[in-house]
Amino acid sequence: MTDEPTQEPFDEAEYRRRQRSRANLTGWILGGLALLFFFITMARMG
Amino acid sequence: MSDMTHSLTHAGTALPADWRDLFALTKPRVMSLVVFTAACGLLAAPGHVHPVLAFASILAIALGAGASGALNQWYEAALDAKMKRTAGRPLPAGRLDPQTALQFGVGLAAFSVFLMLFAANWQAAALLTVSILFYVIVYTMWLKPRTPQNIVIGGAAGAFPPLIGWVAATGHVAPLPVLLFLLIFLWTPPHFWALALFVRSDYAAAGIPMMPVVAGETSTRRQILFYAIIMAVAAVAPWPLGYAGALYGWTAAILSALFVLLSAQVGLRRSAENDRMQPEKRLFAFSVAYLFILFGAIVVDHMWPL
């Protein structure tokens, strides 16, 4: 017996779902940050 | 960390972490109190702050608190696995691997400080850095596993947000935010020890030297009452010292009297066999509401003085 981590059956659909949801979220966060940094710059200049 | 299990594919490749687990790593419930007290510190400060800069400063404090929570959970994953209350967290439950949690925490901490520097000033960014390092290194890594006074000194980490909010708005420290810092600092021991009294077996199982485990129940109860009394003095102090008006003063006086009363019920009793610990649970719940109302009152008092 070894201490190997538990092997779960490969779930392609779950893998893709997580990848997609993370990619979507990352996109929204980056877009939001771009807007936030733009408005911060405007506020500091004003 | 070697006993951690990962969710793996057949090829041994870890599944990408679910964003909900990364979010849970930031301790969102703790973050709500941090955001609220930071916002109150910022709003109670003199002068006007541009709403965008105020929002960005609060966001930076929230992200800094989230980073501290993530690094705390990364470091304590093995301990969390031993406690019923924390065993379901993403790391002990094996839904997230430690490397991802560490990278997420460090990245979030660095970004929060950068955002504060960009949106506010270096003084606030420096304080935010100190608060993150204090929570992760001084409290989590050093004090918590070593001394029953962990909560007392570690409470300083949670007391930083209103001070950072104020400094983000003004660029300097003043007596009122220092008193607000002191208020949270003194509020932390009775708040956490009330919790520790009813989850005592959990802490004992994890080997964390919380006050009830090390000094015993009676001593903890006395200290809850002791800290509640000094905290009440610190809470009311801004009124006679002229840093807050009557609205805050009366709110603080009434709520603090109630806090001391509930602490006395906890401090002057002994738990029986199979005790349901109702007074302790009541004090814990009230202590959260107490802080929310008091910080709300300081803002209302500043904006619409009586």
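Of all residues in segment A:11-46 being among the aromatic types (F, W, Y) and within 18 Å of B:L22 (Cα to Cα), which is surrounded by the fewest Cβ atoms within 10 Å (Cβ to Cβ)? Before you say what the answer is, go through the steps one by one.
Here is the first cut: in segment A:11-46, the ones among the aromatic types (F, W, Y) are A:15, A:28, A:37-39.
Now narrow it down to the ones that are within 18 Å of B:L22 (Cα to Cα): A:15, A:28.
On the way: A:Y15: 14, A:W28: 10.
Checked segment A:11-46; the qualifying residue surrounded by the fewest Cβ atoms within 10 Å (Cβ to Cβ) is A:W28.
Looking only at segment B:242-263, count every residue that is surrounded by fewer than 18 Cβ atoms within 10 Å (Cβ to Cβ), out of contact with any helix residue (DSSP H, G or I) (no Cβ under 6 Å at 6 or more places or on another chain) and not aromatic (F, W, Y) and tell me the total.
6
Cβ-Cβ below 6 Å, separation at least six or inter-chain, first residue in segment B:254-276 and free of Cβ contacts under 8 Å to residues at least 24 places away in the same chain, second part of a helix (DSSP H, G or I): which pairs?
Matching pairs, first to second residue: B:Q265/B:P279.
Quick one: which residue in B:S7, B:S57 is of a type in the set (S, T, N, Q) and modelled with pLDDT of 95 or more?
Values: B:S7 fails: modelled with pLDDT of 95 or more.
Result: B:S57 is the single residue among B:S7, B:S57 that is of a type in the set (S, T, N, Q) and modelled with pLDDT of 95 or more.
So B:V178 passes all but one of these: (1) of a type in the set (A, V, I, L, M); (2) modelled with pLDDT of 85 or more; (3) surrounded by 19 or more Cβ atoms within 10 Å (Cβ to Cβ); (4) touching a Leu at 6+ places or on another chain (Cβ under 9 Å). Which condition number does it fail?
(3)
The values are calculated or read from the model by the stated rules, or taken from the named source; none is laboratory data. Keep in mind that what you see is a predicted model, and the values were worked out from it rather than measured. Reconstructed Cβ throughout: ideal geometry from the backbone, glycine too, with neighbour counts over all protein chains shown.
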